[in-house]
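Chemist: My structure is below; once you've seen it, I'll send some questions.
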Amino acid sequence: MSLDWNGYLARQNGRLQLESVPLAEVAHAHGTPCYVYSRAALEDAYQGYVSALAGRDTLICYAVKANSNLAILNLFARLGAGFDIVSGGELARVLAAGGDAGKIVFSGVGKTRAEMRAALAAGIYCFNVESASELESLNEVAGSLGLRAPIALRVNPDVDPKTHPYIATGLKSSKFGVAIDEALSLYHRAQAMPHLDIRGVACHIGSQLLDPAPIAEAATKIIDLADALSREGIALAHLDLGGGKGVNYRADEATPNTVDYLAPLLAALSGRRERLLFEPGRSLVGAAGLLLTRIEILKHGSEKNFAVVDAAMNDLARPALYDAWHEIVAVAAPADDVKTATYDVVGPICESGDFLGQGRELAVAEGDLLAVLSAGAYGMAMSSNYNTRPRAAEVMVSGSQMHLIRRRETLDQLFALESVLS
């Protein structure tokens, strides 16, 4: 595969580096496993949306669930981003990172009353409401605070996003949103509630979308709904088209750039006066990060060879959870006496599903470093302490500098909330 990762990742004198920082130096300074992010890649991904949407009234809300590190949130806040949150914890993170509450959209099917109160007190931009029951609860909570809650209904347009079934969110069978044919009556119901303020309509059909046709199809259904609402006296201030644009996980995978991906959608929205909201997550951070890991053991078997590394499914759950592919490359060029072999790259966790990659051609030796690419989204955010494994460190590189943005957990920290019986 090519190691020109949009110019951010490249080999210099046989050594892999991110921006101008050799990954071996990151491992030496901060150990492994370790997540490493490129600041330039993050900034350029965000500016790609800004450029594609130039001349339109838009709000780009980063989907915090993709990667919620405070440094990454702070970087996007500095760039002017809004934020799409799905929990009270994510609300607190955004505010702690310097995010503007007035640019926050609160999505999710199971918001608690406590979360509603916290978001109302903070003064968020909008709640994306996903059920009739949530309308009632939010109206009551807002009333108890003497406030009006700004809302949009998240509608389910029943569009097939042609992605993994676990991350398809806009089909009739999805737990998300309300059926689009029920939306008119629910908007009228919301209009009659004294503590709700109708702002817009929202949809999100899925993640890792490589074909722009499904989101353009969803946009036409949202436009039809907005026009129907307008005819019945309910004017919308914004249209929220969600996120979902995919990133490159395979070397041979064709991924549209942001301009090309948004073009059919923006064509469908041509002439609209409503503000446009987008909620990109993976496409802002996915290709900006990698997981750095070291080979502990090379185990040669009769049917398979295994490269046992110090990262595992608790560090990167996507391969085990989705059977997801991540390119895996050696950090250093191989020594002359090292031969290429086919390996399953696996971790030390006691599960057969603990793998980072299967059937990979690698020329490596014990002690070598590997980089698991395109791991910036849903990597650290989904990590766990399974097998009592402290979670990885996180590092941001900027030019020739590296910044530790999350220290590696310690065993004492894992035990701190527990106690033995008296």
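The values are calculated or read from the model by the stated rules, or taken from the named source; none is laboratory data. Note that the structure is predicted; figures quoted are calculated from it, not measured. Glycine also receives a Cβ, built like all others from the backbone with ideal geometry; neighbour counts cover every protein chain displayed.
Chemist: Is one or more of the residues making up region 220-229 in contact with a Cys (Cβ under 7 Å, 6 or more places away or on another chain), among the small types (Gly, Ala, Ser) and either crowded, with 16+ Cβ neighbours inside 10 Å or under 24 Å from residue 323 (Cβ atoms) (or both)?
Modeler: No: zero hits.
Chemist: If residue 335 satisfies every condition in (1) within 24 Å of residue 37 (Cβ to Cβ); (2) part of a loop (DSSP other than H, G, I, E, B); (3) without any contact (Cβ under 8 Å) to a residue 40 or more places away in the chain but one, which is the exception?
Modeler: (1)
Chemist: Being in contact with a Pro (Cβ under 7 Å, 6 or more places away or on another chain) and closer than 23 Å to residue 265 by Cα is true for just one of 200, 243. Which residue is that?
Modeler: It is 243.
Chemist: Related question: Pick out, from region 1-116, the strands (runs of 3 or more DSSP E) lying fully within it that include 1 or more residues that are under 18 Å from the mean Cα position of the chain (by Cα) and acidic (Asp, Glu).
Modeler: Ranges flagged: 82-85.
Chemist: Only residues in region 35-58 that are under 17 Å from residue 73 (Cβ atoms) count as the first member; pair them with residues that are of a type in the set (Asp, Glu), Cβ under 6 angstrom, at least 6 apart or cross-chain, and list the lot.
Modeler: So the pair list comes out as 35/394; 38/19.
Chemist: Let me ask something else. Could you list all residues from region 91-115 that are hydrophobic (A, V, I, L, M, F, W, C) and surrounded by 13 or more Cβ atoms within 10 Å (Cβ to Cβ)?
Modeler: Those that are hydrophobic (A, V, I, L, M, F, W, C) and surrounded by 13 or more Cβ atoms within 10 Å (Cβ to Cβ): 91, 92, 94, 95, 97, 101, 104, 105, 106, 109.
Chemist: Within region 154-211, restricting attention to residues that are outside any loop (DSSP other than H, G, I, E, B), more than 22 Å from residue 142 (Cα to Cα) and not hydrophobic (A, V, I, L, M, F, W, C), which residue is modelled with the lowest pLDDT?
Modeler: 166
Chemist: While we're looking at this one, here's another question. Where the second residue is assigned to a loop (DSSP other than H, G, I, E, B) and modelled with pLDDT of 90 or more and the first is farther than 19 Å from residue 182 by Cβ and lies in region 214-240, which pairs have Cβ atoms under 7 Å and are six or more apart or on separate chains?
Modeler: Partner pairs satisfying both residue conditions: 215/241; 219/241; 219/269; 237/274; 238/274.
Chemist: List, please: which pairs have Cβ atoms under 6 Å, are six or more places apart or on different chains, and start with a residue in region 395-419 that is of a type in the set (Gly, Ala, Ser) and end with one that is surrounded by 12 or more Cβ atoms within 10 Å (Cβ to Cβ)?
Modeler: 398/39; 399/19; 399/20; 400/20
Chemist: While we're looking at this one, here's another question. Evaluate region 292-299: report whether one residue or more is buried (at least 18 other Cβ atoms within 10 Å of the Cβ), assigned to a strand (DSSP E or B) and among the hydroxyl-bearing types (Ser, Thr, Tyr).
Modeler: So far as region 292-299 goes, yes, one or more of its residues are buried (at least 18 other Cβ atoms within 10 Å of the Cβ), assigned to a strand (DSSP E or B) and among the hydroxyl-bearing types (Ser, Thr, Tyr).
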